[in-house]
Amino acid sequence: MEFFRNTNIDFLGKKWYFLAFSLVFSVAGICSMLFWHGIPYGVDFRGGTLVYVKFSHTPNDNALRAAMDRAGLHNAKIQRYDQPSNNEVLIDLDVQETSEKALDEGKTRIINTLETSAPAGKVDLNNSSSLAIKNYLMDKDPMHLGSDADQKYTQQAQAIVDARDKGQGGVLSSFDQLKGGVDPAVAASLPDGFYLSDFSVRNVEIVGPQVGAQLRRQALLATAYSLAGMLIYLGFRFEWIYGVAAVVTVFHDTLITVGAFSLLNKDISLTVIAAILTLIGYSNNDTIVVFDRIRENIKLMRREKLSEIVNRSINQTLSRTILTAGLTFLTVLALYLFGGEVLRGFSLALVIGILIGTYSSIAIAAPILVAYQDWRISKGKRPAAMPVRAK
């Protein structure tokens with residue numbers, strides 16, 4: 001199957017337009033990283049606290065952010081995750097304590113921040129543990145169990161937690177929702193000591209600054225090793241100039257992708273790094289296809305200029321490039337649109353990277369070969385990208 005047959009597009013004749021396009025986006029990304037948003041590291045790399053909160057209604061992000069500021073939790077990042085109808089948000093705080101005590105303190109601090117009208121003397125049932133509920137029932141003893149209360153109330157407390165977390169998704173809006181799964185006497189006693197807020201803190205995760213720094217270093221090393229490996233491989237497979245062209249192209253793709261995240265102020269997480277490494281391989285594979293066709297045509301068109309050979313090679317592989325890149329792009333676009341908030345950064349990196357990677361294989365990698373050969377000829381040296389012409 002081919003979209004294009006016998007095309008004769010002068011790609012090299014448009015190299016200055018391609019260069020201008022790349023410069024605009026590269027410089028914009030660099031300026032954003034240096035002067036505007038910086039490199040927006042996610043909590044994986046900078047350290048911090050992630051708080052997962054479930055609401056009984058659609059949360060107001062601006063109101064949440066204002067509440068965080070009033071509580072002294074500045075620069076909080078609020079983002080939705082999972083399905084919008086689930087009313088779940090992820091609050092990213094720049095709090096980097098790593099002890100077990102810090103987890104409880106972080107959860108308590110968020111609860112105190114979000115609670116605006118807590119009745120005096122009552123505890124929030126939506127944010128209470130089974131142990132706290134059990135202790136309340138032991139003191140109240142609504143079933144009049146006496147000495148046999150421990151096991152029974154442990155079961156009742158767990159039944160309340162299960163009804164809240166499994167039956168109602170983590171947030172009770174009415175005590176009546178406990179009927180059927182909890183003893184009637186226990187359910188009737190709960191309003192005396194508990195009230196129901198409109199949210200529940202589901203989980204708290206903390207990444208320390210040392211772990212974040214180590215992950216940043218490992219991510220940089222992984223990217224550097226992959227680039228070095230490609231340079232060595234292509235140096236043996238073709239000639240070293242092919243390896244240099246491929247590495248420059250992949251660096252160009254990575255720079256624009258990271259720059260786009262900076263311009264959009266989207267966090268770069270471990271999944272984004274995984275996507276970038278995936279794109280390095282994808283872009284390199286597309287570049288090798290073009291290079292392989294150039295090498296084949298060099299043997300068949302020994303008397304032609306390298307620029308003409310490169311143009312013809314790109315045109316010959318254009319249909320394959322469009323088919324492969326187009327199908328891959330549709331897949332990652334669907335992932336971006338329907339994959340949910342958790343995969344949003346990963347899929348966004350793939351969407352940007354596939355577009356830029358396909359473009360750069362045509363507009364960046366091949367022109368580097370021609371530019372290098374022209375430079376060698378201007379210095380009176382033998383062309384490096386193609387063999388000596390037969391006499």
The range 113-232 -> Rg/Rh from Cα coords, Kirkwood Rh, value 1.32
Rounded to whole angstroms and listed largest first, the alpha-carbon spread of the chain along its three principal axes comes to 108, 43, 34
Here, the range 154-225 modelled as identical Cα point scatterers in vacuum has Debye log10 I(q)/I(0) at q = 0.15, 0.16, 0.23, 0.27 Å⁻¹ of -0.59, -0.62, -1.03, -1.25
Here the averaged projected area of the range 14-94, based on the convex hull of its alpha-carbon atoms and given in nm², is 8.2
Packing-ranked peptide list from 328-336, 6-14, highest mean Cβ count within 10 angstrom first, is 328-336, 6-14
By Cβ neighbour count within 10 Å, fewest first, Tyr233, Tyr17, Tyr282 rank Tyr17, Tyr233, Tyr282
Expressed to two decimals, the range 48-204 has a Cα Rg over Rh, using the Kirkwood radius, of 1.00
The percentage of Cα-Cα pairs in the range 297-368 separated by more than 20 Å is 45
Toy charge model, Lys and Arg Cβ at +1, Asp and Glu Cβ at -1: the chain dipole around Cα centroid in debye, rounded to 20, equals 2920
With the charge dipole of the chain built from beta-carbon charges (+1 for Lys and Arg, -1 for Asp and Glu) about the Cα centre, the Cα from Val171, Val289, Phe11 projecting farthest to the positive end belongs to Phe11
Checking rank on 361-372, 143-154, with mean other Cβ inside 10 Å and highest first, the result is 361-372, 143-154
Over all directions, the range 189-315 yields a Cα convex hull whose mean projected area in nm² is 13.5
Scoring only Lys, Arg, Asp and Glu (+1, +1, -1, -1) among other residues with Cβ under 9 Å from the Cβ of Val207 yields -1
Once the in-chain neighbours fewer than 8 apart are removed, the lysines whose Cα is under 27 Å from Lys15 read Lys299, Lys305, Lys379, Lys381
With only helices counted (DSSP H, runs n ≥ 4, each -39500 (n - 2.57)), the per-residue ellipticity at 222 nm for the chain, to the nearest 500, works out to -20000 deg cm²/dmol
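What net charge is computed for the residues neighbouring Ala163, neighbours being all others with C-beta under 13 Å from the C-beta of Ala163, Lys and Arg scored +1, Asp and Glu -1?
Cβ neighbours under 13 Å give a net charge of -1.
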Expressed in Å to one decimal, the Kirkwood Rh of the range 139-188 from all distinct alpha-carbon pairs is 11.3
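Any read-out appearing in this document is the output of simple, stated calculations on the displayed coordinates, not a laboratory observation. Note that this is a predicted model, so its numbers are computed, not measured. Reconstructed Cβ throughout: ideal geometry from the backbone, glycine too, with neighbour counts over all protein chains shown.
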